[in-house]
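S.K.: Okay, here's the structure, questions in a sec.
The values are calculated or read from the model by the stated rules, or taken from the named source; none is laboratory data. This one's a predicted model, so the numbers in the text were calculated from it and none came from an experiment. Here Cβ is always computed from backbone atoms with ideal geometry, including for glycine, and neighbour counts include all displayed protein chains.
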Amino acid sequence: MMQQKLNIVPFVSVDHMMKLVLAVGVETFLTELAGYIEDDFRRWELFDKTPRVASHSHDGVIELMPTSDGKLYGFKYVNGHPKNTHEGLQTVTAFGVLADVGSGYPMLLTEMTILTALRTAAMSAVAAKHLAPKGARTMAIIGNGAQSEFQAIAFTALTGVDRLRLYDIDSSASRKCAKNLAGMGFDITVCATGQEAVEGAEIITTVTADKQYATILTDNMVGPGVHINAVGGDCPGKTELHRDILLRSDIFVEFPPQTRIEGEIQQLAADHPVTELWQVIAGKAEGRKTARQITLFDSVGFAIEDFSALRYVRDKLRDTGLFEELDLLADPDEPRDLFGMLLRAQAAGAATAAAG
Ligand code: NAD
């Protein structure tokens, strides 16, 4: 653990996060972060867990995502506003805090917009390691916005995917995605329809943003043996898959009480069987059993993944120094003399003014 003065909190800005990711390397970052997520999923039972606290509005949602392992506490603030890109804003932005449970003092404040894209992609690829058909190389990505390149790189780093079939209702998003991924070893096909994108794909990632019950995949688009990585349906009334696909799939989820509210399975009965992904990672439940089985990772994003990401970033800061020191906590010499600290600051200010 990095030593820190108790009143100074390390702050990772967007600029520092970009430098950190580039210094580590995107693939290495995703691979190491996936390791942290797997470690935390293996000790899932000891975490304090709750569905995230969501404040819904006409155009989007603002959510708080807390969790603790008893030693560390983490939370993320994140929004989801699909209309934002039309106004030049991000659909998803985030920041987060890691704190020491013993003292309650924050230990890290960091941007999490980039970090969320990385952790979501790492989580998807971890799920696919256990659920996708063995040796799968071709992935369709439907929805080619902010998350898409991260998904592609995580899948190549962790599962060996090297052929991409891209589709977006806005073809400029697909062109952007293909351009950003050029030279990274992918064979990329930009497709004119979702139907064309899924042809020959062993893995289908849906990562669109639309505040409605959308039908990005219809039942006829999903053949036997496919793994679906459904990322974009993550709010009440915001889904991507036709219900019939769910009825043919073996469904894997993060935290069922949250996924029942937010995931694709909000379309199903409350007792429809699902498998908790942590059990697969911990070796307590089976992932893919047969070659013809359709597996579905109904991703909504859970607080423990952000906790893992916060832990990972904090561990990386020691070696890189890529943070600023934030004067976030009042820390009077005598802890109960908070007001006295204010008076001393006033006196010091007056003395400086008199001297000047
Ligand atoms: P974004 O707005 O940058 O990109 C979304 C893309 O989807 C856009 O390019 C848009 O044109 C495209 N799209 C919308 N409707 C479509 C349709 N019917 N067919 C094909 N393409 C369509 O958003 P983003 O940051 O990439 O996020 C994508 C989705 O992932 C959002 O819904 C977001 O809430 C969700 N998300 C989920 C997690 C998770 O952990 N599960 C994490 C982050 C984001």
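S.K.: Scan the stretch 185-196 residue by residue and report those that are more than 9 Å from the ligand (Cβ to nearest atom) and of a type in the set (Gly, Ala, Ser).
M.R.: Correct list: Gly185, Ala192.
S.K.: Can I ask one more? Taking the stretch 191-221 as the region of interest, how many residues are touching a residue at least 12 places away in the same chain (Cβ under 8 Å) and in a helix (DSSP H, G or I)?
M.R.: Taking the stretch 191-221 as the starting set, the residues that turn out to be touching a residue at least 12 places away in the same chain (Cβ under 8 Å) are 191-219, 221.
Okay, now just the ones that are also in a helix (DSSP H, G or I), so 194-198, 219, 221.
So the answer is 7.
Yes or no, residue by residue, for (1) over 29 Å from Ala209 (Cα atoms); (2) among the polar types (S, T, N, Q):
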{"site": "Val61", "(1), (2)": "no, no"}
{"site": "Met65", "(1), (2)": "no, no"}
{"site": "Ser68", "(1), (2)": "yes, yes"}
{"site": "Tyr73", "(1), (2)": "yes, no"}
{"site": "Tyr77", "(1), (2)": "no, no"}
{"site": "Thr91", "(1), (2)": "no, yes"}
{"site": "Phe95", "(1), (2)": "no, no"}
{"site": "Val101", "(1), (2)": "yes, no"}
{"site": "Gly104", "(1), (2)": "yes, no"}
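S.K.: Quick check: anything in the stretch 332-350 at pLDDT 95 or above and part of a strand (DSSP E or B)?
M.R.: no
S.K.: Can you spot a residue in the stretch 57-67 that is away from the ligand (no atom under 13 Å from the Cβ), over 20 Å from Gln147 (Cβ atoms) and assigned to a helix (DSSP H, G or I)?
M.R.: Within the stretch 57-67, not a single residue is away from the ligand (no atom under 13 Å from the Cβ), over 20 Å from Gln147 (Cβ atoms) and assigned to a helix (DSSP H, G or I).
S.K.: Is it the case that Gly70 is within 17 Å of the chain's Cα centre (by Cα), in contact (Cβ under 8 Å) with a residue 24 or more places away in the chain and outside any helix (DSSP H, G or I)?
M.R.: No, not satisfied.
S.K.: Going residue by residue through the stretch 13-20, is there one that turns out to be farther than 14 Å from Thr116 by Cα, crowded, with 20+ Cβ neighbours inside 10 Å and of a type in the set (A, V, I, L, M)?
M.R.: Yes, the conditions are met somewhere in the stretch 13-20.
S.K.: If you don't mind, there's one more thing I want to ask. Checking the structure you have, find out if any residue of the stretch 166-179 is within 27 Å of Val274 (Cβ to Cβ), assigned to a strand (DSSP E or B), within 21 Å of the chain's Cα centre (by Cα) and more than 9 Å from the ligand (Cβ to nearest atom).
M.R.: no
S.K.: If I go through the stretch 21-37 residue by residue, how many of them are under 16 Å from the mean Cα position of the chain (by Cα) and buried (at least 18 other Cβ atoms within 10 Å of the Cβ)?
M.R.: Final tally of qualifying residues: 7.
S.K.: Which one is nearest to Ile261 (Cα to Cα), of the residues in the stretch 205-234 that are more than 7 Å from the ligand (Cβ to nearest atom) and within 18 Å of the chain's Cα centre (by Cα)?
M.R.: Applying the filter and picking the extreme gives Gly233.
S.K.: What residue, of Phe47, Phe41, is closer than 17 Å to Gly301 by Cβ, surrounded by 21 or more Cβ atoms within 10 Å (Cβ to Cβ) and more than 12 Å from the ligand (Cβ to nearest atom)?
M.R.: On the way: Phe47 fails: surrounded by 21 or more Cβ atoms within 10 Å (Cβ to Cβ).
Among Phe47, Phe41, only Phe41 is closer than 17 Å to Gly301 by Cβ, surrounded by 21 or more Cβ atoms within 10 Å (Cβ to Cβ) and more than 12 Å from the ligand (Cβ to nearest atom).
S.K.: Quick test for you: out of Leu98, Leu181, Leu164, Leu89, pick the one residue that is of a type outside the set (Lys, Arg) and within 19 Å of Ile37 (Cα to Cα). Don't jump to the end; show me each part of the working.
M.R.: Details: Leu181 fails: within 19 Å of Ile37 (Cα to Cα); Leu164 fails: within 19 Å of Ile37 (Cα to Cα); Leu89 fails: within 19 Å of Ile37 (Cα to Cα).
So the residue among Leu98, Leu181, Leu164, Leu89 that is of a type outside the set (Lys, Arg) and within 19 Å of Ile37 (Cα to Cα) is Leu98.
S.K.: Another question, if that's okay. List, please: which pairs have Cβ atoms under 6 Å, are six or more places apart or on different chains, and start with a residue in the stretch 132-154 that is within 16 Å of Leu118 (Cβ to Cβ) and part of a loop (DSSP other than H, G, I, E, B) and end with one that is more than 6 Å from the ligand (Cβ to nearest atom) and of a type in the set (Gly, Ala, Ser)?
M.R.: From residues that are within 16 Å of Leu118 (Cβ to Cβ) and part of a loop (DSSP other than H, G, I, E, B), the pairs are Gln147/Ala117.
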